Amino acid sequence: MIKEIHANIPEGDLKDKWSNYKAKAKLVNPNNRKKLEVIVVGTGLAGASAAASLAEMGYKVKSFCFQDSPRRAHSVAAQGGVNAMKNYKNDGDSVFRMFYDTLKGGDFRSREANTYRLAECSASLIDQAVAQGVPFGREYSGYLRNRSFGGVQVSRTFYARGQTGQQLLLGSYQALMRQKETGQVKLYARHEMLDLVTIDGKAKGIIARNLDTGEIERHGAHAVILATGGFGKIYYLSTLAMGCNASAIWRAHKKGALMANPSWTQIHPTSLPQSGEYQSKLTLMSESLRNDGRIWVPQDKNETRKPKDIPEEERDYYLERKYPAFGNLAPRDIASRSAKEQIDAGKGIGALKNAVYLDFSHAIKEYGQDVIEERYGNLFTMYEKITGINAYKEPMKISPSAHFSMGGLWVDYDLMTTTPGLFAIGEANFSDHGANRLGANSLLQACVDGYYIAPYTLQNYLADEIQVAKTDVNHPAFDEAEKQVKSQLEKFVNLKGNKTAEEFHRELGKILYDKCGLSRSEEGLKKAITDIQNLREEFHENLLVPGDVEDINSELEKAGRVSDYFELAELMCIDALRREESCGAHFREEFQTEEGEAMRNDAEYSYSAAWEWSGQASEPILNKEPLKFEYVKPTQRNYK
């Protein structure tokens with residue numbers, strides 16, 4: 001059944017919407033807050049900041065993570081920086097320019113009001129992070145230092161060398177642990193959410209599995225926040241940690257929450273290339289390196305000389321050639337596709353001919369090695385540890401790889417899903433980035449959602465729940481959810497096939513990367529859907545999960561996650577097939593300009609696709625949220 005969905009955007013001018021919302025939002029008085037319980041799933045930047053902020057306000061918070069410590073959340077992997085509009089460089093930046101850059105970077109496929117709020121709240125984050133002790137880079141004078149990132153022509157990225165995500169996470173972790181010590185937060189480490197529980201259509205709790213004992217647990221609350229990150233690991237080889245998964249948001253989707261734009265996934269341009277079939281993940285090199293590093297390939301596809309022996313006139317600095325206005329700082333989708341073009345043309349370098357050069361020789365000559373070491377030293381150290389190559393003396397080898405998912409659970413302006421009481425924040429939702437995320441906006445969204453938005457919007461919802469009794473975990477809805485969870489786990493263990501979840505995941509990832517990755521076509525997507533369906537059928541007949549359900553069992557964890565990936569993967573391909581245009585990271589080969597650039601179709605596809613679970617993975621129901629542009633006129637993206 002097609003649902004009528006409403007974004008619930010506040011009235012008023014764009015710059016006044018968030019202020020108007022906060023002025024009129026319902027409040028919960030301090031004495032009532034202590035009666036209300038909130039579950040936050042995920043302890044990365046979004047989850048930790050939300051849990052800490054809500055606990056500070058007086059709510060009782062239950063915080064869940066599948067890692068052994070919140071410090072191991074994948075937010076630590078974001079290296080290069082966090083964007084904020086401070087205009088410290090006096091180079092023409094403003095809230096509106098940051099809003100426009102973000103909207104344009106997403107190829108005009110995001111909601112204006114949410115995107116503007118992201119830019120508006122950005123400045124507050126830097127002040128908060130500094131107060132928490134985040135060691136941002138500083139000028140000699142003591143002012144915070146900025147650098148540029150892809151898709152912009154100003155310097156608005158604040159950074160702590162190449163450890164920005166880790167340092168920000170430590171700040172939110174400290175805030176979370178402070179609340180844990182006061183008793184306002186109860187932390188459940190090594191717990192994985194396996195299902196969402198709804199009562200009378202509202203989110204009222206979760207079913208979780210204790211990963212150390214195998215015990216299935218019931219947890220109730222007045223509201224649930226999902227902050228579980230994205231699903232880029234669906235490609236198997238990606239920049240994400242092995243444990244990253246989509247199960248929490250997918251199980252919520254199957255309980256009624258709509259899934260928006262699942263085909264919009266980002267391929268990062270500066271990853272270390274795959275070096276062999278043995279690999280299970282790839283290593284991200286920060287996009288910040290593109291500030292001073294120049295990307296090139298040999299002009300001769302048969303080149304065998306070492307890079308330092310190839311003269312300038314025989315090198316193709318292809319991004320500088322194709323996009324002179326932005327050069328090596330072209331947006332990620334464009335930089336990744338351009339690298340693929342060179343590799344497909346036979347100009348790739350390295351043992352597998354699957355990489356391009358990222359060269360710092362010019363920057364070292366201009367600024368000196370000491371300056372480059374100060375800016376990126378830990379990244380160069382990491383590169384040398386992995387590859388054995390000193391990047392101060394010869395170029396890095398980089399390659400595109402699966403990274404971020406712009407799609408996620410559909411949320412309104414409140415960051416609430418179509419299931420009342422269920423909120424999704426950070427990369428778990430779809431709201432801010434459109435069809436492509438600009439670099440350094442990921443950390444920003446996670447922090448802004450957790451620190452500044454969820455505390456207001458959740459309170460607006462909870463104001464109507466103060467008379468509602470504490471959720472009874474013995475309610476029949478919990479019985480049914482636990483029964484379904486246990487049934488699935490037992491089925492996996494009892495299949496006794498001969499192929500592991502890891503093997504199935506690897507095959508699924510290859511299908512997706514080849515057919516629904518950097519480029520897509522009607523023929524390829526239809527073939528991918530058939531291949532996914534066939535492989536999924538084999539998975540449910542030939543899966544091997546050793547061990548028992550009631551025990552530590554990492555293979556059982558993988559089985560559940562890969563099972564969800566199969567259903568999500570098919571929806572990704574269906575979504576990509578239905579969108580007959582190219583926009584941002586969604587590049588349909590049939591829809592491109594004569595110059596090979598993305599060709600949007602605003603007349604027919606200026607909407608967010610919000611998919612509904614029908615009970616069958618192959619028969620999703622499409623709902624549409626029309627995108628209205630009142631303050632910016634969508635134009636053909638041009639970075640030349």
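The values are calculated or read from the model by the stated rules, or taken from the named source; none is laboratory data. This is a predicted model, so every value here is computed, not measured. Reconstructed Cβ throughout: ideal geometry from the backbone, glycine too, with neighbour counts over all protein chains shown. Quick note on the areas: whole protein, heavy atoms, side chains included, nothing else; ligands and nucleic acids left out. Shrake-Rupley method; radii C 1.70, N 1.55, O 1.52, S 1.80 Å.
Points to keep in mind about this one:
- Scaling against 2.2 N^0.38 Å puts the C-alpha radius of gyration of region 346-392 at 1.30.
- Per residue, the accessible area of region 587-632 comes to 54 Å² when a 1.4 Å probe rolls over the protein heavy atoms.
- Label point distance in nm, S141-R178, each placed 7 Å from Cα along Cα→Cβ: 3.1 nm
- For the peptides 355-361, 74-80, the ranking by mean Cβ contacts within 10 Å, running from highest to lowest, is 74-80, 355-361.
- Modelled FRET efficiency - R0 41 Å, R190 with S618, Cβ distances, 0.05 increments: 0.75
- Ratio Rg/Rh [Cα only; Rh per Kirkwood] for region 569-640: 1.02
- Evaluated with a Cβ-only charge set (Lys, Arg +1; Asp, Glu -1), region 262-316 carries a dipole of roughly 220 debye about its Cα centre, given to the nearest 20.
- Charge tally in the Cβ shell below 13 Å around N20, where Lys, Arg are +1 and Asp, Glu are -1, N20 excluded: +1
- Rolling a 1.4 angstrom probe over region 463-509 with all protein chains present gives an accessible area of which 47% lies on carbon and sulfur atoms.
- Degrees, to the nearest 10: 95-105 long Cα axis against longest axis of the chain: 80 degrees
- Neighbourhood charge, 14 Å Cβ-Cβ cut-off, centred on Q174 and excluding it, Lys, Arg +1 and Asp, Glu -1: +1
- Student exercise, region 125-276 dipole from Lys, Arg, Asp, Glu Cβ charges, in Debye to nearest 20: 160 debye
- Computed with a 1.4 Å probe over protein heavy atoms only, the accessible surface of region 524-581 comes to 37 Å² per residue.
- In the chain, the DSSP beta bridges split such that about 70 percent are antiparallel, to the nearest 5.
- The heavy atoms of T182 offer some 80 square angstrom of accessible surface to a 1.4 angstrom probe.
- Normalised by 2.2 N^0.38 Å, with N the number of residues, the alpha-carbon radius of gyration of the chain equals 0.92.
- Rounded to whole numbers, the Karplus 3J(HN,Hα) couplings from phi for region 152-164 are 9, 10, 10, 10, 10, 9, 8, 8, 10, 6, x, 10, 4 Hz, using 6.51 cos²θ - 1.76 cosθ + 1.60 with θ = phi - 60°, and x at Gly and Pro.
- Zone residues, region 520-554, relative to N601, backbone N less than 13 Å from point 7 Å out along Cα-to-Cβ: 522
- More than 22 Å apart - percent of Cα-Cα pairs taken over region 166-322: 64 percent
- Relative packing of peptides 453-463, 151-161 - highest average C-beta neighbours within 10 Å first: 151-161, 453-463
- Net charge of Cβ neighbours under 13 Å - reference G426; Lys, Arg +1; Asp, Glu -1: -2
- Percent accessible area from carbon and sulfur atoms, region 322-427, protein chains only, probe 1.4 Å: 51 percent
- Per-pair calculated FRET efficiency, R0 = 22 Å: N90 and D13 via Cβ, rounded to 0.05: 0.25
- Considering only the Cα atoms of region 443-534, their convex hull presents on average a projected area of 11.4 nm².
- For region 483-640, a/c is not less than 1.5, where a ≥ b ≥ c are the root eigenvalues of the C-alpha gyration tensor, and a/b tops b/c. That puts it in the prolate class.
- Heavy-atom accessible surface of region 1-154: percent carbon and sulfur, 1.4 Å: 49 percent
- Each Cα pair under 8 Å and six or more residues apart adds its sequence gap; the mean of these over the residue count of region 57-120 is a relative contact order of 25 percent.
- Between Y392 and K510, the distance separating the two model label sites (each 7 Å from Cα on the Cα→Cβ line) works out to 4.1 nm.
- Using the Stokes-Einstein relation with a Kirkwood hydrodynamic radius computed over Cα pairs, the translational diffusion coefficient of region 160-227 at 25 °C and a viscosity of 0.890 mPa s comes to 173 µm²/s.
- Gyration tensor verdict on region 181-261 (Cα atoms; rounded if a/c is under 1.5, prolate if a/b is larger than b/c, oblate otherwise): oblate
- Accessible surface, region 197-327, averaged per residue in Å² (probe 1.4 Å): 31 Å²
- Relative to the dominant Cα principal axis of the chain, helix 554-578 is inclined by about 70°.
- Angle between the chain longest axis and helix 369-387 axis [Cα atoms, degrees, rounded to 10]: 70 degrees
- Computed FRET value (nearest 0.05) for R578 with Q488, which takes r as the C-beta separation and R₀ as 25 Å: 0.30
- With θ taken as phi - 60° and the Karplus curve 6.51 cos²θ - 1.76 cosθ + 1.60 applied, the whole-hertz 3J(HN,Hα) list for region 499-511 is 9, 7, 4, 4, 5, 5, 4, 4, 5, 4, x, 5, 4 Hz, x standing for glycine and proline.
- Modelled label reach - E373, point 7 Å along Cα→Cβ, region 66-87 residues with backbone N closer than 14 Å: none
- Peptide ranges 437-445, 467-475, 483-491, 377-385 listed from the most packed, as the mean C-beta count within 10 angstrom indicates: 437-445, 377-385, 483-491, 467-475
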